[in-house]
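The values are calculated or read from the model by the stated rules, or taken from the named source; none is laboratory data. Everything quoted here is computed from the prediction, not taken from an experiment. Cβ sites come from the backbone with ideal geometry, for glycine too, and all protein chains shown count toward neighbours.
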Amino acid sequence: MFTKIKEYFREVISQLKQTTWPSKETTKNMTLLVILVATLLAIYLGGIDFLLQEIMGVLI
């Protein structure tokens with residue numbers, strides 16, 4: 001059983017060595033893009049929610 005566990009971790013380490021990691025600049029840019037898109041989506045959904053509340057307030 002322990003040999004299977006050791007082999008598993010050897011394979012994990014081997015795969016991690018083959019991985020191409022993004023540069024620091026790419027990571028920073030992608031993080032900023034995710035934050036920007038999430039913020040814009042939150043503003044958009046908040047605006048729709050506000051409009052629907054106002055419409056329902058007028059109708060009720």
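Quick look at the values:
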| item | result |
| --- | --- |
| For F9: the one exception among (1) under 25 Å from the mean Cα position of the chain (by Cα); (2) in a helix (DSSP H, G or I) | (1) |
| Subset of region 17-33 [in a helix (DSSP H, G or I), surrounded by fewer than 10 Cβ atoms within 10 Å (Cβ to Cβ) and at pLDDT 95 or above] | K24, E25 |
